[in-house]
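Asker: Got a structure here, written out as structure tokens. Questions coming.
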Amino acid sequence: MNKFYITTPIYYINDVPHIGHCYTTIAADIVCRYKRLCGFEARFVTGTDEHGAKMEAAAKAHGESAQEFVDKMSQTFSQAWRILNISYTDFVRTTDPRHIASVNEIVNILYKKDLIYKSKYEGLYCVGCEKYLSEKDLDENGNCPYHKTKPVVQSEENYFFRLSNFTQEILNKILNGEIKIEPEERKNEIVGKIKLGLDDISVSRAALEWGIPLPFDKSQTLYVWIDALISYLTGIGYSDDKELFNAFWPCDIHLMAKDILWFHAVIWPALLMGADLKLPKTIYSHGFFTIEQNKMSKSLGNVISPDDLVNKFGVDATRYLTVTLIPFGPDGDISWQGLISKYNSDLANNLGNLEARVLRLAEQNFDSVLAQTEQDLSLAQKTADLLNASFFGEMESLHLHKAAESLQKAITLINQQIEKDAPWNLAKTDKAALAKCLWSYLQAADIIAICLIAFMPETSQKIWSLNGANGSINEAAQKYFKDKKIVAQEFSPAGAQLSKSQILFPRIKA
Ligand code: MSP
């Protein structure tokens, strides 16, 4: 079986998860579920980034030991992913012994190859970013432009990684597509920055206790970013299952927002080259979104949590809305108003209404069983054609919002046919014609359910069973996703017991 491996960033856990973390994680889950339906054996790794100055400070502020704090906070993430039905195959905590073993192995390789050396370092360090900033990175007040706080001056003997050795090789590999960075504009930014030259980077701290001690000098701990990136190896068995590792490395897609693209597009490939490991195939950075034009922050009180979303919309609608509200790739802005109006238009009015009215007419006129009926697959085939032309291509390019748009177009097509047929009139005049129409709507709606699986796994399963469709929806999808071509067929057989009409997505007041 073909293999597929996707990752999300491993998140900082100085605070609880928010919609930004959900965005990347749900997107990765949708891509991964889609790939599984296409016949891939897929691995999906996420996790929590638990070391570093930021975590040490947060634990202190909570009056807890760092270990107690991260044990508790890591669970808030794994639990959110459970609630959101995230189908990860591994959740790496950087405090896991198996991760520490991976880190030791990689760092030792780099040290033995003289790619890590000791030197004096002095620089401005932003704890929020967990990185050194140069004078020109600072804003007019001398603050970190992102966190608006003064960086601390750090001066100590550190170990350095010879990033500069890799400048030309990384540049060449990005330019020749061996390291594929998407989207194109972000690749160009990275290329421009590399051309300015790469300096060696400090990869250890003498003063910070909360980190992984360097295997060759226990008086220093490893820089949190080097520790974190190696989680992508740990999650597929680098330290404890080399067979699995060899089957799934290199990674197909590292997914993240643009804020941390540099680490993934430059530092990570250099570390991998240094350790003689293959490079990831695609590094995809989606945009960063604001909430009603503001950065999400506790002080502004505009942080949206996964619980807020699930309480308002339910699990599947949260999955759908989070990743489709703004185009996947560029920066964007999210608001509650926007989420609610998309919920009402796409889910309550379009998809929900389709299901409710078809089942209601079947219930009122045929006791929810369409016995013998003339079979007309033309609407289902039109639905399939529309999706074949756009849905699969958009999914392959990770244009999740466009794939969802094509689903909405297909649902609209079916609803328009219903308006045109006016089956509520046929109910009074021609029951045979009505049965024929309803049967045709069901087969078309089943196709929607099949294409919706990755976005809304429970809803698609529900529609499939409400419609009395035959067999497993996943098997039906696998049959067509392999070739990326759906062919209309009788999914919901005549004579099947349909469910009574249900409101899948009750309208929400704005
Ligand atoms: N711990 C590092 C990542 C190490 S990966 C080896 C880190 N963690 S983080 O908690 O700050 O997560 C950043 C990521 O969260 C972003 O790259 C993105 O995936 C997601 N997002 C957080 N806020 C977001 C938005 N407002 N918009 C889009 N994505 C968001 O960096």
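Asker: Could you grab the pairs with beta carbons closer than 6 Å, sequence gap of 6+ or different chains, first residue in the stretch 61-81 and hydrophobic (A, V, I, L, M, F, W, C), second one at pLDDT 95 or above and surrounded by fewer than 16 Cβ atoms within 10 Å (Cβ to Cβ)?
Answerer: That search, which allows pairs on different chains as well, returns 69/62.
Asker: Look at residue 170 and say whether it is of a type in the set (A, V, I, L, M, F, W, C), open to solvent by 40 Å² or more (accessible area, probe 1.4 Å), at pLDDT 95 or above and not in a strand (DSSP E or B).
Answerer: no
Asker: Something else: Keeping to the stretch 233-260, report how many residues are open to solvent by 10 Å² or more (accessible area, probe 1.4 Å), within 14 Å of the ligand (Cβ to nearest atom) and out of contact with any Phe, Trp or Tyr (no Cβ under 7 Å at 6 or more places or on another chain).
Answerer: Final tally of qualifying residues: 1.
Asker: Restricting attention to the stretch 458-490, which residues are closer than 15 Å to residue 443 by Cβ and aromatic (Phe, Trp, Tyr)?
Answerer: 464, 480 - these are the residues of the stretch 458-490 that are closer than 15 Å to residue 443 by Cβ and aromatic (Phe, Trp, Tyr).
Asker: How many residues are among the aromatic types (Phe, Trp, Tyr) and either in a helix (DSSP H, G or I) or modelled with pLDDT of 95 or more (or both) if we restrict to the stretch 321-350? Explain how you work it out, then say what you get.
Answerer: Of all residues in the stretch 321-350, those among the aromatic types (Phe, Trp, Tyr) come to 328, 336, 343.
From what's left, either in a helix (DSSP H, G or I) or modelled with pLDDT of 95 or more (or both): 336, 343.
Total satisfying the criteria: 2.
Asker: Show me the strands (runs of 3 or more DSSP E) entirely contained within the stretch 241-296 in which 2 or more residues are under 17 Å from residue 18 (Cα atoms).
Answerer: The strands (runs of 3 or more DSSP E) meeting that bar are 253-257, 289-291.
Asker: Give the stretch 10-33 a look and list any residue that's open to solvent by less than 10 Å² (accessible area, probe 1.4 Å) and near the ligand (Cβ under 7 Å from one of its atoms), or say none.
Answerer: Passing the criteria: 23, 24.
Asker: Still on this structure, please answer the following. If I filter the stretch 190-212 down to residues being free of Cβ contacts under 8 Å to residues at least 24 places away in the same chain and in a helix (DSSP H, G or I), which single residue comes out as farthest from the chain's Cα centre (by Cα)?
Answerer: Restricting to residues being free of Cβ contacts under 8 Å to residues at least 24 places away in the same chain and in a helix (DSSP H, G or I), the top hit is 192.
Asker: Do we have any residue at all in the stretch 204-216 that's hydroxyl-bearing (Ser, Thr, Tyr) and surrounded by fewer than 15 Cβ atoms within 10 Å (Cβ to Cβ)?
Answerer: The answer is no, given that none of the residues of the stretch 204-216 is hydroxyl-bearing (Ser, Thr, Tyr) and surrounded by fewer than 15 Cβ atoms within 10 Å (Cβ to Cβ).
Asker: Additional query: Which condition breaks for residue 339 when tested against (1) more than 23 Å from residue 87 (Cα to Cα); (2) open to solvent by 10 Å² or more (accessible area, probe 1.4 Å)?
Answerer: Condition not satisfied by residue 339: (2).
Asker: Which of the residues spanning the stretch 297-320 are part of a loop (DSSP other than H, G, I, E, B), surrounded by fewer than 18 Cβ atoms within 10 Å (Cβ to Cβ) and not polar (S, T, N, Q)?
Answerer: Residues satisfying the conditions are 298, 300, 301, 303.
Asker: Looking at the stretch 335-368, which of its residues are of a type in the set (A, V, I, L, M, F, W, C) and either out of contact with any helix residue (DSSP H, G or I) (no Cβ under 7 Å at 6 or more places or on another chain) or under 21 Å from residue 460 (Cα atoms) (or both)?
Answerer: Passing the criteria: 336, 339, 340, 347, 348, 351, 354, 356, 358, 359, 361, 362.
The values are calculated or read from the model by the stated rules, or taken from the named source; none is laboratory data. On a predicted model such as this, the values are computed, not experimentally measured, just so you know. In this analysis, Cβ positions are derived from the backbone assuming ideal geometry, glycine residues included, and neighbour counts consider all displayed protein chains. Heads up: the accessible areas ignore ligands, DNA and RNA and are worked out on the full protein's heavy atoms, side chains in. Shrake-Rupley method; radii C 1.70, N 1.55, O 1.52, S 1.80 Å.
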